[in-house]
Structures are given as structure tokens and as C-alpha cells.
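Participant: Structure incoming, see below.
The values are calculated or read from the model by the stated rules, or taken from the named source; none is laboratory data. All values derive from a computational prediction rather than experimental measurement. Backbone-built Cβ (ideal geometry, glycine too); neighbour counts: all protein chains shown.
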Amino acid sequence: MVKDKILTWFLRNIYLPKVEIIDKPGFIFVSSGKAYLRDLAFPEYIFIELEKKLEGGTLYAVGKTFGYNYAYNTMMPRIEDVTREKFLDSLYFTIRYVESISYGRNLKHSVDYDKKIATLTAKDFIICSKNGVGHIILEGTIAGFCAYAFSDKSVEGVQTKCQGRGDPECEVIYAPSQVLKQKGLKFHIARDMDEFKIEETYLAINREREMQFSKNSLKSFIDSGFFKYDHGTIDYKNERFFICEASIMYFLEKRIKKIKGADKALFDISFDWGEHIAKAETNDNGAVPSLNMRPEQFISELMSALGWGDVSVIVKSGKYSVISNYFPWTPFADDIKYTMFKGILSGMLSGFLKRKIVLSKIRTDVLQGYFNILISE
């Protein structure tokens, strides 16, 4: 008998009806009608540290842009298109979904339908409960959801309480900026949002394909106990992950490259996480005892299970490179440098090999109908 209510809800409403598809090696999908969007399981650590180092308004804009587009692409009901009851039911489903995929515990919300105000409280919410910030997800992303649902881009989010700042729980108000001003609250404003529409090219490039290098899915790692799923959180050696549609990485890297030193900060943080994972897994013989495999295969299996495609580590003449077939693609593919991906893998290789390896070169193509990335020293 399953005692975890959030797991029960996830199985009944998300996994079993195939809303969130986590049993495909190399891929994590979220189903929206006839469309399958590519998800990634992101390390919380990277976002915790990034919010400590970069300007809040930019990160808030990343989150709101992502949330608004995600709501559009998953066909979230808008207030003018459905009855009051269906609209409120949709918001309830969204909050339960957010809770079930590792974002927080005990999520509760209230809605002032006529004034377009939503309030959310939560415990142990990702990122902000650790750093006291929360601009990207808790404020920005959910503000994007609400702005789309309420058909009002002036809706913004502001966190009035935060566990990471010593409060017993987090509390956020989402409302039109005029309402927030009347309440005397300070908040970020994001109206200039890139548009991301799921079209046939996205679906064709990102469709499921047969793996060549790796065989483990997120589900197989959960089933084996390698990943721990408990009360809506996914953990691996006390490292927390959250599932999110891959375009958030594109929006993030596209925005922060305008800030001096931000790209290096993202690389360094991602490198530190990858190096930490490798050092936690390596024994004196250089093997990975928890999965009984060599480091190169461990990297392939872990990155595949997290949704980064079919990943393989290659060494030639003492130089390392990493290839990912079926990497999550968006129309912004030519606008970023894949800094997070390069940083994570550079850190993992450095941790395993006990010498610094920086994968700085990159080559991408879609010549075979799927997105291929090759990074190398």
C-alpha cells in the first residue's frame, strides 16, 4: 500500500495517464494534448548558487518568461475561455503537479477570482528554502503561469515570507502590479518575454529514439533505489533534483549572457556540482561502486536518466570529449553556448580523473533529424 499521498497523486494523475513520462532512457517528456515537451531533471544546487550571485530582476524575468510560455504550450486554461469552476480546477491541478514533481511540500493556495490574485504557501520549496531568494521558480515561473491564466501580463509575483530567510514557510502573492503597489510591496517587473511555441520542427527533432550508449531512465533509477523519491522530492546522495521543461535552460543562458561574468559564474557553479558528484562516487580504483561501472559509463547513464539525451564519453590521444545525441532542442539553439551542460560534464570528468578538464569547444547539428552536441577539450 502506497502511504505517500503525493506519490499516490503523482501516479494516479501524472505517471499512469502518461502526463509525465519518465521511463524512457535519454528522455523525460511532459505530455500536453498531442505534443510531447522535453523535460530535464535539473540539480537544485546550480540554481541555489546562481541566485546568490546574479541580479534578481534578470533571473525573475527568466522564470516568468519560461512560466508564461510553458502555460501556453501546455494549453493551460485562460480565465476568459472557461467557466469559473474549470478555471479554479485547473489552478488546483497545476499546484498539485508542481508539488508532485519535487518542487515543495504542503503547497496550499487561494484565489481571488475577480481581482486576479493568487496566494501560495509551501514548505521546503526548491531553491528558495536553501538560499532565501527564489526569483526564478517560486516568484518568476509561477508568476508566468498566473499571468497567462489570468490573461494579464502585468501579473507579477513577490515572496512575502521565505523559509530560507527564517520564516516557518514560504508565501508568495501573484497579482497585477497595480495591486502589489497598493499593498506597498516591492517586486520585479517582467513584460518583455521571448515567445516559444511548440511547432512541428520541435516535435520532430525531440521525439523519442532508440539509445546507443545508455540504458537507464529516471524511473529505473527510482525503482532501483539509486534515486530516492519521497514526498514529491527526488534525491541522490542528498542532492535534490527538480523536473522542468528544457527551455528554461535556454531562457536562462540567453538572458544572463548579457551580464558581465554571468556565463563564467554559471560554468563554475555547474563545474562544482559535477565535480562533487564524481568525488562522492569514486573509490580508490577509480570505479563507481554504487552502480558497479567505470566513470565514463556512469556519466553516460546518469546524464541519460536526467533527460540530457544519449550521452557518451570519448577519449582520444588523452583528450576527452562528450557527445549527446537527441539533446533537448528549442528554436533558441543557436543563441546559447550550453554553458550548464559543459560545466557539469567538465566537473564530472575532473572529479573522476583528479585533474582539471575543461570542455570548452562545442559543435552542434541537426543533420540527421535530431539535435547532436559534441563538446571537447
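Participant: Being under 17 Å from P43 (Cα atoms) and either among the β-branched types (V, I, T) or more than 19 Å from the chain's Cα centre (by Cα) (or both) is the filter here, so list the residues in the stretch 331-348 that pass it.
Facilitator: If the condition is that a residue be under 17 Å from P43 (Cα atoms) and either among the β-branched types (V, I, T) or more than 19 Å from the chain's Cα centre (by Cα) (or both), then T339, I344, S346, G347, M348 are the ones that fit.
Participant: Let me spell it out: the conditions are (1) touching a Lys or Arg at 6+ places or on another chain (Cβ under 9 Å); (2) closer than 24 Å to F196 by Cβ; (3) of a type outside the set (S, T, N, Q), and L107 meets all of them except one. Which number is the exception?
Facilitator: Unmet for L107, out of (1) touching a Lys or Arg at 6+ places or on another chain (Cβ under 9 Å); (2) closer than 24 Å to F196 by Cβ; (3) of a type outside the set (S, T, N, Q): (2).
Participant: Please return the ranges of helices (runs of 4 or more DSSP H) entirely within the stretch 180-264 where 2 or more residues are modelled with pLDDT of 95 or more and among the hydrophobic types (A, V, I, L, M, F, W, C).
Facilitator: On the way: elements: 200-206, 218-224, 247-256.
Filter on the stretch 180-264 gives 200-206, 247-256.
Participant: Quick check on the stretch 267-281. Is at least one of its residues buried (at least 22 other Cβ atoms within 10 Å of the Cβ) and assigned to a loop (DSSP other than H, G, I, E, B)?
Facilitator: Taking every residue of the stretch 267-281 in turn, none turns out to be buried (at least 22 other Cβ atoms within 10 Å of the Cβ) and assigned to a loop (DSSP other than H, G, I, E, B).
Participant: Does the stretch 127-146 contain at least one residue that is more than 25 Å from Y36 (Cα to Cα) and surrounded by fewer than 19 Cβ atoms within 10 Å (Cβ to Cβ)?
Facilitator: Yes, the conditions are met somewhere in the stretch 127-146.
Participant: Further, regarding this structure: Mind listing whichever residues of the stretch 135-175 are in contact with a Cys (Cβ under 9 Å, 6 or more places away or on another chain), assigned to a loop (DSSP other than H, G, I, E, B) and within 26 Å of Y72 (Cα to Cα)?
Facilitator: Hit for the stretch 135-175 is D152, nothing else.
Table: residues versus (1) under 18 Å from E245 (Cα atoms); (2) in contact with a Phe, Trp or Tyr (Cβ under 6 Å, 6 or more places away or on another chain); (3) free of Cβ contacts under 8 Å to residues at least 12 places away in the same chain; (4) assigned to a helix (DSSP H, G or I).
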| residue | (1), (2), (3), (4) |
| --- | --- |
| E296 | no, no, no, yes |
| E301 | no, no, no, yes |
| W308 | yes, no, no, no |
| V313 | no, no, no, no |
| I323 | no, no, no, no |
| F327 | yes, yes, no, no |
| P331 | yes, no, no, no |
| F341 | yes, no, no, yes |
| S346 | no, yes, no, yes |
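Participant: Give me the strands (runs of 3 or more DSSP E) completely within the stretch 28-132, filtered to those with at least 1 residues that are among the β-branched types (V, I, T) and out of contact with any helix residue (DSSP H, G or I) (no Cβ under 8 Å at 6 or more places or on another chain), ordered by residue number.
Facilitator: In the stretch 28-132, the matching strands (runs of 3 or more DSSP E) lie at 117-123.
Participant: Determine which single condition D272 fails, assuming it passes every other condition in (1) free of Cβ contacts under 8 Å to residues at least 60 places away in the same chain; (2) among the charged types (D, E, K, R); (3) under 28 Å from L59 (Cβ atoms); (4) touching a Gly at 6+ places or on another chain (Cβ under 8 Å).
Facilitator: (1)
Participant: Given the conditions (1) out of contact with any strand residue (DSSP E or B) (no Cβ under 7 Å at 6 or more places or on another chain); (2) surrounded by 21 or more Cβ atoms within 10 Å (Cβ to Cβ); (3) closer than 24 Å to G140 by Cα, and given that F221 satisfies all but one, which numbered condition is not satisfied?
Facilitator: For F221, the exception is condition (3).
Participant: Here is a follow-up. Give me a count of the residues in the stretch 362-377 that are in a loop (DSSP other than H, G, I, E, B) and among the charged types (D, E, K, R).
Facilitator: Looking only at that region, the number is 1.
Participant: Go through the stretch 88-121 and report how many residues are in contact (Cβ under 8 Å) with a residue 40 or more places away in the chain, in contact with a Phe, Trp or Tyr (Cβ under 8 Å, 6 or more places away or on another chain) and not charged (D, E, K, R).
Facilitator: 10
Participant: I would also like to ask the following. Within the stretch 191-200, identify whether any single residue is in contact with a Lys or Arg (Cβ under 7 Å, 6 or more places away or on another chain) and β-branched (V, I, T), and answer yes or no.
Facilitator: No, every residue in the stretch 191-200 fails to be in contact with a Lys or Arg (Cβ under 7 Å, 6 or more places away or on another chain) and β-branched (V, I, T).
Participant: Now a separate question. Those residues that are basic (K, R) and out of contact with any helix residue (DSSP H, G or I) (no Cβ under 8 Å at 6 or more places or on another chain), I need them from the stretch 246-257; list them, please. I'd like the intermediate steps shown before the answer.
Facilitator: Start the filter on the stretch 246-257 by keeping residues that are basic (K, R), which leaves 254-255, 257.
Within the stretch 246-257, K254 is the sole residue that qualifies.
Participant: Could you go through the stretch 183-206 and let me know if any residue there is farther than 26 Å from L59 by Cβ, touching a residue at least 40 places away in the same chain (Cβ under 8 Å) and in contact with a Gly (Cβ under 8 Å, 6 or more places away or on another chain).
Facilitator: Yes.
Participant: Exactly one of these conditions fails for L359: (1) modelled with pLDDT of 95 or more; (2) part of a helix (DSSP H, G or I); (3) of a type outside the set (S, T, N, Q). Give me its number.
Facilitator: Every condition holds for L359 apart from (2).
Participant: Condition first: out of contact with any Gly (no Cβ under 9 Å at 6 or more places or on another chain) and among the β-branched types (V, I, T). Now tell me which residues in the stretch 117-154 satisfy that.
Facilitator: Result: I117, T119, T121.
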